[in-house]
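In what follows, a single structure is set out as structure tokens and then discussed.
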Amino acid sequence: MPTFQFEATDPQGQEIRDVIEAQTQDEAQATIRSMGYFVTKISAQKVNQKKVSRSGKRKSFAIGGASSKSLVTFTRQLSILQDAGLPVLRSLKILEDQSRPGALKNALIDVCDEIESGSSLSEALGKSPRVFDRLYVNMIKAGEAGGSLEVILRRLAEFKERTRSLKNKVIGAMIYPIAVITITVGIVTFIMLYIIPEFDKMFKEFELELPAPTQLLIDISARMSKLWFLLPLIPITLILFVMLICKFRAGRMGFHLYLLKVPLIGKLLQKANLARTTRTLGTLISSGVPILEGLTITRETSGNAMYEKMYSLVTDSIREGETIARPMKKHCIPKFHPVAAFFFALSLAILPLGVLFVNTEFLVFVLYASGMLSVLALLYYILVYKKPVVEDLVVNMVDVGEETGELDVMLYKVADYYDEEVRTLTDGLMKLIEPIMVVMLGFIVGFIVISLFWPLIGLINGLQGGGGEKK
């Protein structure tokens, strides 16, 4: 008999995690409810998958889940086949045959086997959680119950397409500056390690008295030649440190609050998260998923600890008879978090440490500067940490939607609004980043060129003057 892992809450609100045996997931949920528990999460217990399915089809080796692009294409094609009146199993086999080897094809083989064994489509999809998440499964389940599977599939495809488009827009805005910075660091590192030492040898041969900028450039080159391994080690260490901090619940909350409060980037993340979560909740509600289940799924797909906590508290308030708008407005205001304050202080405190890379004699100055910048960062965090992560527009639209009975429509309007806001903000950031990058590159190149050619000009003038005296 299949075994299901579940998370639930008892009447006192205590969280319970256990396993239960049942023929189907619906039967397991019914049994858990009969015990007086409220199910928040349930999934089939993982078992070792065989390379060959019961139908005899061999699976290919695949790591991870299916790509969002392939899942969108599959959902759109399945909705078209269902709209044409084909049976579900026939439609799935057609799509499985034309799918490329990978996680999606493997999952479709399993889904076809499960349906042939008597499972419903939602139950079969739920047994491949790496490809079909809870949102996907619950929407299919609602479509089956309402007899409108093709409509739900079309709505799900549109939701996936919009989510993917928004994600690509945000990622695309980050690619340009990251690529420019990476290339710039690579070129400057090459110049420092291989070009500057050759100029240094030439200057020493002519016994030139070097100006301050040239001497600074040579000192930086000498330090980089000795400590070159720190260039990749420092960012890798910082990334691993953040990953370690985020392993803990308090650390993850603090880091996510830090990201939400960073100027410009924080606004972009807030708007992108609101667009995604409101569209998720609106899609679930319009598909017939119960509001509590919809909020639970929205919480799990938010990807930010602050929004997860807010939706969890909203869910608890609804169980007590509240609406969505009032607890959302109450719980969207963050509290002071020491981990977020630490990240703000650290992000500015590390800036002066680069001076030690050139000359360790400035240790006292660096410590003083780091301390002052840390205080400024903490003051900024104290000023902004109470700002809500959900704007009044969202709360008011949700309130109107609940009063008029058109909550899903209002959530769609909010999602469309924030989608456009994200596009506008990313375009603005790109227009702002480009001139900043040009100025930075111009400053770096100008400093290197001037520092190298300054003593050379003095050398040329000296040789011309010496030659004239001899004549």
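The values are calculated or read from the model by the stated rules, or taken from the named source; none is laboratory data. On a predicted model such as this, the values are computed, not experimentally measured, just so you know. Virtual Cβ from ideal backbone geometry, glycine too; neighbours counted across all protein chains shown.
Scanning region 77-110 for residues that are touching an Asp or Glu at 6+ places or on another chain (Cβ under 8 Å) and either more than 24 Å from SER43 (Cα to Cα) or buried (at least 21 other Cβ atoms within 10 Å of the Cβ) (or both) yields SER79, GLN82, ASP83, LYS105, LEU108, ILE109. Being out of contact with any Ser or Thr (no Cβ under 7 Å at 6 or more places or on another chain), of a type in the set (Phe, Trp, Tyr) and at pLDDT 85 or above, is that true of even one residue in region 355-367? There is no residue in region 355-367 that is out of contact with any Ser or Thr (no Cβ under 7 Å at 6 or more places or on another chain), of a type in the set (Phe, Trp, Tyr) and at pLDDT 85 or above. All of (1) in a helix (DSSP H, G or I); (2) loosely packed, with under 13 Cβ neighbours inside 10 Å hold for ALA173 with one exception: (2).
Reported count of residues in region 137-170, each being buried (at least 22 other Cβ atoms within 10 Å of the Cβ) and under 16 Å from VAL72 (Cβ atoms), is 6. Scoring LYS386 on the criteria (1) closer than 26 Å to ALA250 by Cβ; (2) buried (at least 19 other Cβ atoms within 10 Å of the Cβ); (3) touching a residue at least 24 places away in the same chain (Cβ under 8 Å) leaves a single failure, condition (2). Put simply, of ILE195, ILE218 the only residue that is free of Cβ contacts under 8 Å to residues at least 12 places away in the same chain, of a type outside the set (Lys, Arg), in contact with a helix residue (DSSP H, G or I) (Cβ under 9 Å, 6 or more places away or on another chain) and in a helix (DSSP H, G or I) is ILE195. Of all the criteria given as (1) surrounded by 15 or more Cβ atoms within 10 Å (Cβ to Cβ); (2) of a type in the set (Val, Ile, Thr); (3) closer than 22 Å to VAL242 by Cα, the one not satisfied by ILE350 is (1).
Consider MET372 against the criteria (1) in a loop (DSSP other than H, G, I, E, B); (2) modelled with pLDDT of 90 or more: it satisfies all of them except one. Which criterion is unmet? If we test MET372 against (1) in a loop (DSSP other than H, G, I, E, B); (2) modelled with pLDDT of 90 or more, just (1) comes out false. Pairs linking a residue in region 421-439 that is closer than 11 Å to PRO177 by Cα to a residue that is of a type outside the set (Asp, Glu) and surrounded by 15 or more Cβ atoms within 10 Å (Cβ to Cβ), with Cβ atoms under 8 Å and 6 or more positions apart or on different chains, are LEU429/ALA173; LEU429/LEU268; MET430/ALA173; ILE433/PRO177; MET437/PRO177; MET437/VAL180.
Considering region 293-325, the residues that are in contact (Cβ under 8 Å) with a residue 60 or more places away in the chain and surrounded by fewer than 21 Cβ atoms within 10 Å (Cβ to Cβ) include one that is farthest from THR163 (Cα to Cα), namely ARG319. Listed here are the helices (runs of 4 or more DSSP H) enclosed by region 71-158 that have at least 3 residues being closer than 26 Å to ILE285 by Cα and free of Cβ contacts under 8 Å to residues at least 40 places away in the same chain: 121-126, 134-146. Taking residues in region 335-357 that are in a loop (DSSP other than H, G, I, E, B), and partners anywhere that are buried (at least 16 other Cβ atoms within 10 Å of the Cβ), the pairs with Cβ atoms closer than 7 Å and at least 6 places apart or on different chains are PHE336/TYR385; HIS337/MET253; HIS337/GLY254; HIS337/LEU257.
The numbered conditions (1) over 20 Å from the mean Cα position of the chain (by Cα); (2) part of a helix (DSSP H, G or I) are all true for THR296 except (1). Within region 5-16, if we keep just the residues that are in a strand (DSSP E or B) and either within 20 Å of LEU313 (Cβ to Cβ) or among the aliphatic types (A, V, I, L, M) (or both), the residue that is modelled with the lowest pLDDT turns out to be GLU15.
VAL339 fulfils the conditions (1) farther than 21 Å from PRO129 by Cα; (2) crowded, with 16+ Cβ neighbours inside 10 Å; (3) more than 23 Å from the chain's Cα centre (by Cα); (4) among the β-branched types (Val, Ile, Thr) except for a single criterion, (3). Counting residues in region 222-240 that are over 27 Å from PHE362 (Cα atoms) and surrounded by fewer than 16 Cβ atoms within 10 Å (Cβ to Cβ) gives one or more. None of LEU81, LEU89, LEU153 is more than 30 Å from VAL409 (Cα to Cα) and hydrophobic (A, V, I, L, M, F, W, C) except LEU89.
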